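Presented below is the structure to which this report refers.
The values are calculated or read from the model by the stated rules, or taken from the named source; none is laboratory data. None of the values given here were measured: they were computed from a predicted structure. Here the Cβ positions follow ideal geometry from the backbone for every residue, glycine too, while neighbour counts run over all protein chains shown.
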Amino acid sequence: MKFIHLTDTHVTGNGEHLYGKNPAARLAAAVRSINKDHSDAAFVVLTGDMTHWGDSDAYRAFKKEISQLAMPVHLMVGNHDDTAAFTEAFPDIPRDSNGFVQYAVDTEYGRFLLLDTKDKGTHAGAYCPARRDWLRQQLETSDGPVLLFMHHPPFETGIKAMDRIKLQDAEAFHDLVAPYKSRIQHLFFGHVHRAIFGNWRGLSFSCMRGLNHQVALDLSPTPPERIAGNFEPPSYGVVLVKADQVTVHLHDYTDSSEYFFL
């Protein structure tokens, strides 16, 4: 099975530019690329920060572009999103019994669990006891492979400015998922706006770049107070899933370099 991992689109309303770029146009180009190059994908998962300001105009602009996808899309909220405005624009997206935007997607290759790590009033992430109870139930009621999706990473990436606003309930989250690690095939996240791959306490993970702007690769121990950004090319993930393997490819969809045979 193939699916697409898209994240951090940061769309603004009324054609407004963000850091000199047009996020809606960047998303439109990604949608065209996905439809053209990966029409066989089962679906798209977007791991949060659909909009930058969380306003209704931005969600309308986002919806206009994302609805052009030729396959289903599963949406998640991030720290830049507003849950109420998002729900107004997308009333059919599932919520758990406590109103959090998290839900399960069952496939022939396992259960995909889409988590809500938004914490109101801060850019850092949270995963409170109520959300953990939901996740525990989802893990307990499945006996096959699991793929996890979240906006905030539950670990440090080495980019100190972003590590300050990672998931704040990381240890509690780890304690919950630890007994199920043998079945958790991979963890996908966004938020950091960079292509990042690795392993966290035995759990493999990956992150994709954002579409409008990126977080600069600053691994210094004393970073600036503000997050440094740049305009590295946007990308999305192309994920291939088999019964015993998960492969994540990075698609630089704006790349126009020459295509040739080796």
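Here's the yes/no breakdown for (1) touching a Pro at 6+ places or on another chain (Cβ under 7 Å); (2) without any contact (Cβ under 8 Å) to a residue 60 or more places away in the chain; (3) acidic (Asp, Glu):
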site	(1), (2), (3)
GLY78	no, no, no
ALA89	no, yes, no
PRO153	no, yes, no
ALA161	yes, no, no
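Yes/no per residue for (1) out of contact with any strand residue (DSSP E or B) (no Cβ under 8 Å at 6 or more places or on another chain); (2) closer than 17 Å to ARG209 by Cβ:
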position: GLY20; (1), (2): yes, no
position: PRO23; (1), (2): no, yes
position: ALA30; (1), (2): no, yes
position: VAL45; (1), (2): no, yes
position: GLY54; (1), (2): yes, no
position: ALA58; (1), (2): no, no
position: ALA61; (1), (2): no, no
position: SER67; (1), (2): yes, no
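Just checking, does the range 82-101 include any residue being basic (Lys, Arg), touching a Gly at 6+ places or on another chain (Cβ under 8 Å) and over 19 Å from VAL246 (Cβ atoms)?
Of the residues in the range 82-101, the ones basic (Lys, Arg) are 95.
Adding the requirement that they be touching a Gly at 6+ places or on another chain (Cβ under 8 Å) leaves none.
No, the range 82-101 contains no residue that is basic (Lys, Arg), touching a Gly at 6+ places or on another chain (Cβ under 8 Å) and over 19 Å from VAL246 (Cβ atoms).
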Review point. Taking the range 229-262 as the search range and keeping residues that are exposed (fewer than 15 other Cβ atoms within 10 Å of the Cβ) and β-branched (Val, Ile, Thr), which one is nearest to LEU187 (Cα to Cα)?
Key: THR247
Check your understanding: Could you say whether any residue in the range 170-178 is buried (at least 16 other Cβ atoms within 10 Å of the Cβ), farther than 20 Å from GLY110 by Cβ and touching a residue at least 60 places away in the same chain (Cβ under 8 Å)?
Key -> no
Revision key, fill the gap. If we keep only residues of the range 37-56 that are outside any strand (DSSP E or B) and among the hydroxyl-bearing types (Ser, Thr, Tyr), then the residue surrounded by the fewest Cβ atoms within 10 Å (Cβ to Cβ) is SER39
Review point. Could you say whether any residue in the range 227-238 is in contact with a His (Cβ under 6 Å, 6 or more places away or on another chain) and either β-branched (Val, Ile, Thr) or closer than 16 Å to THR117 by Cα (or both)?
Key: yes
Review point. Here is a list of conditions, (1) charged (D, E, K, R); (2) part of a loop (DSSP other than H, G, I, E, B); (3) surrounded by fewer than 21 Cβ atoms within 10 Å (Cβ to Cβ); (4) modelled with pLDDT of 95 or more, and ARG226 meets all of them except one; can you say which number that is?
Key: (4)
Practice item. Check whether at least one residue in the range 188-209 is closer than 20 Å to VAL146 by Cα, touching a helix residue (DSSP H, G or I) at 6+ places or on another chain (Cβ under 7 Å), surrounded by 15 or more Cβ atoms within 10 Å (Cβ to Cβ) and not acidic (Asp, Glu), and report yes or no. Key: no
Point to revise | Single residue of the range 57-72 satisfying the filter (out of contact with any Leu (no Cβ under 9 Å at 6 or more places or on another chain) and in a helix (DSSP H, G or I)) that is surrounded by the fewest Cβ atoms within 10 Å (Cβ to Cβ) | key: LYS64
Study note, to complete from the structure: Per the list (1) under 22 Å from MET76 (Cβ atoms); (2) among the polar types (S, T, N, Q); (3) more than 14 Å from the chain's Cα centre (by Cα), residue check on SER220 breaks on (1)
